[in-house]
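The values are calculated or read from the model by the stated rules, or taken from the named source; none is laboratory data. Predicted model only: the values in this text are computed from it and were never measured. No Cβ is skipped: glycine too gets one built from the backbone with ideal geometry, and neighbour counts run over all protein chains shown.
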Amino acid sequence: MKKPVIVNLGCGSRKRQDEIGVDRYPGSRADILADFSASLPFADNSVDMVVADHVLEHVPDLVALVEEVHRVLVPGGRFSVEVPYFAHPDSCRDPTHCRFFTWGSMDYFVEGLKPAEYTRISFNYRSRNLLFPGGLWGLVGKFIFSLSPRRYEKYYARSFPARAIKMELEAL
């Protein structure tokens, strides 16, 4: 059985042994030094999984990068993403963040949710979760979110903010 090809975009120092790390910083643990915001240095349909852990918020052209991820993934390949949640104070702290993410930000790439003219590629959600901090405020936020994600985001997200959004998408 073939060993899966896993690419960690913007790996920094968080690259696992079984991953191919891609980063633009020479001090990282990257196997490949590249600015992946424009293109990925992999052949079409050659990667089983792409990991982007607190990376997408730094990329100027998100649509181009997600299309590149889709290009390199095998059909059914996974795109594992974790991004800061827009309402958490830390999401605004880093001056290198280009954008903020809500519960529905990646819907624009998901089959059945995206506008037809937005992009030619499609994913399906395998999983999607808000990550709340511990303690009472986190429990309250999690409870309100479980009742209605839309109402939580519209009325309560700033009072009981999630820390991040973690999702896994499957390439169609």
- [ ] Output the qualifying pairs, or none if there are none: Cβ atoms under 6 angstrom, residues six or more apart or on different chains, first residue in the stretch 1-28 and at positive phi, second residue assigned to a loop (DSSP other than H, G, I, E, B) and surrounded by 15 or more Cβ atoms within 10 Å (Cβ to Cβ).
- [x] G10/V55; G12/S28
Task: Failed item in (1) surrounded by fewer than 18 Cβ atoms within 10 Å (Cβ to Cβ); (2) over 25 Å from D94 (Cα atoms), with V47 passing the rest - done: (1)
- [ ] State whether the residues of the stretch 52-70 include one that is of a type in the set (V, I, T) and surrounded by fewer than 19 Cβ atoms within 10 Å (Cβ to Cβ).
- [x] yes
Task: In the stretch 16-39, the residues that are part of a loop (DSSP other than H, G, I, E, B) and either under 16 Å from the mean Cα position of the chain (by Cα) or among the polar types (S, T, N, Q) (or both) - done: Q17, S28, F36, S37, S39
Task: Unique match (being of a type outside the set (F, W, Y) and in contact (Cβ under 8 Å) with a residue 24 or more places away in the chain) among R93, R120 - done: R120
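Any residue that is more than 19 Å from T119 (Cα to Cα) and either at pLDDT below 95 or not aliphatic (A, V, I, L, M) (or both) - is there at least one of those in the stretch 61-72?
Let us first name the residues in the stretch 61-72 that are more than 19 Å from T119 (Cα to Cα), namely none.
There is no residue in the stretch 61-72 that is more than 19 Å from T119 (Cα to Cα) and either at pLDDT below 95 or not aliphatic (A, V, I, L, M) (or both).
Could you look through the stretch 59-79, keep only residues that are of a type in the set (A, V, I, L, M) and assigned to a helix (DSSP H, G or I), and pick out the one that is farthest from the chain's Cα centre (by Cα)?
Start the filter on the stretch 59-79 by keeping residues that are of a type in the set (A, V, I, L, M), which leaves 59, 62-66, 69, 72-74.
Pick out the ones that are also assigned to a helix (DSSP H, G or I) and you get 62-66, 69, 72.
Values: L62: 10, V63: 12, A64: 14, L65: 11, V66: 9, V69: 11, V72: 16 Å.
Here the residue is V72.
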Task: Per-region count, the stretch 119-147, residues touching a helix residue (DSSP H, G or I) at 6+ places or on another chain (Cβ under 9 Å), part of a loop (DSSP other than H, G, I, E, B) and surrounded by fewer than 12 Cβ atoms within 10 Å (Cβ to Cβ) - done: 1
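Report yes if L169 is of a type outside the set (K, R) and at pLDDT 95 or above, otherwise no.
Yes, satisfied.
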